[in-house]
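First the structure, in the form of structure tokens, and then the observations on it.
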Amino acid sequence: MQRTDDRQPFYCVVLAGGRSLACAGHEPVELGQGDFLLIPAAYDCTVTSVEPPPPGRYTESVMLAAGKVRLGDAGCEADVVMLIGHCAFGSPDAALLVSLLPALVHVRGEARLATLVGLIGEEARGAKPARDLILARLLEVLLIEALRTAADTGASPGLLRGLADPRLAAAIRRMHEQPGPSWTVAELADEDALSRSTCFDRFRRAVGTAPIDYLLTWRMALAQNMLRDGDARIGEVARRVGYSSASTFSVAFARQVGMPPGQFSGR
């Protein structure tokens, strides 16, 4: 089974059996019964048997009932059963949210997530009153549960691991709340109650980047949102994300984003 949707959030839970999932840019992931997988920006994903079939061998899907699809020989017992789906972030800050999430969240053996996905599938196939409202709330809970479970079980380096560390979380929150000040590693270390060198090393191991590099990425993500909304001039955006002049901000923005802010806002 292969999908090439343009960066739509994709999730699945394995109800029975096992499969291998390959995503562009990542090592294949073996999925077993009870596993939950969330890819915030899915693209070029292929699900195969653990021992993959010959290249180009795909089977047409057959719709059995509303929301139920069969792949492979209908006369054989299914060797894997999965509940899968995709969703869309309704917020205008969706690009910012995705940029802060791990590229792939894999949670193994969490019954709570399997229960939530089962409820979503049941609600999606039904026609009860307030269906859309219930689905929206269930998806919100699903996302939050997946992310906090991943943080507790050891996510790959990124924001989740940083926020799961009580010391680092204090500095990250300060950068999120106040991106404008010219933070130094020493000041962030004070927020964490750590030494400068310990803060730097611990932050880089957990988040995958140095503290000031993370601050720059966060500032530029905020700037892109402001420019995309079109509610602020370039000079105002520069001031709000911590730059003393529009020209200094423009140089930093072009280096990070690949185009000057004026061109970005006019797209």
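The values are calculated or read from the model by the stated rules, or taken from the named source; none is laboratory data. It should be emphasised that the depicted structure is a prediction, and the values quoted were computed from it without experimental measurement. Cβ sites come from the backbone with ideal geometry, for glycine too, and all protein chains shown count toward neighbours. We work out accessible area using only protein heavy atoms, side chains counted, and drop any ligands, DNA or RNA first. Shrake-Rupley method; radii C 1.70, N 1.55, O 1.52, S 1.80 Å.
Express the C-alpha Rg of the range 109-267 as a ratio against the empirical globular expectation 2.2 N^0.38 Å, rounded to two decimals.
My calculation over the Cα atoms of the range 109-267 gives 1.32.
Tell me, what is the per residue accessible area of the chain in Å², probe radius 1.4 Å?
That works out to 56 Å² for each residue.
Compute the distance in nm between two label points, each set 7 Å from the Cα along the Cα-to-Cβ direction, one at Arg239 and one at Arg173.
It works out to 2.9 nm between the two label points.
Just to confirm a number: summing +1 for Lys and Arg and -1 for Asp and Glu over residues other than Lys68 whose beta-carbon lies under 14 angstrom from that of Lys68, what do you get?
Summing Lys and Arg as +1 and Asp and Glu as -1 gives +1.
Looking at the chain, do any whole DSSP H helices span at least 15 angstrom along their long axis by alpha carbon and average -1.0 or above on Kyte-Doolittle, and which?
Within the chain the helices that satisfy the rule are 111-125, 131-152, 166-177, 196-207, 211-229, 246-257.
About the Cα centre of the chain, what is the dipole size in debye to 20, counting +1 per Lys and Arg Cβ and -1 per Asp and Glu Cβ, all else neutral?
Roughly 600 debye, rounded to the nearest 20.
Given only helices, namely DSSP H runs of n ≥ 4 each adding -39500 (n - 2.57), what is the per-residue ellipticity at 222 nm of the chain, to the nearest 500 deg cm²/dmol?
-14500 deg cm²/dmol
What's the carbon and sulfur percent of the chain's accessible surface, probe 1.4 angstrom, rounded to a whole number?
Roughly 52 percent of what the probe reaches on the chain is carbon or sulfur.
Eigenvalues of the Cα gyration tensor times 5, then square-rooted: what semi-axes does that give for the chain, in whole angstrom, largest first?
In descending order, the three semi-axes are 40, 22, 18 Å.
For every other residue with a beta carbon closer than 14 angstrom to the beta carbon of Ala170, add +1 if it is Lys or Arg and -1 if Asp or Glu, then tell me the sum.
Here the charged neighbours net out to -2.
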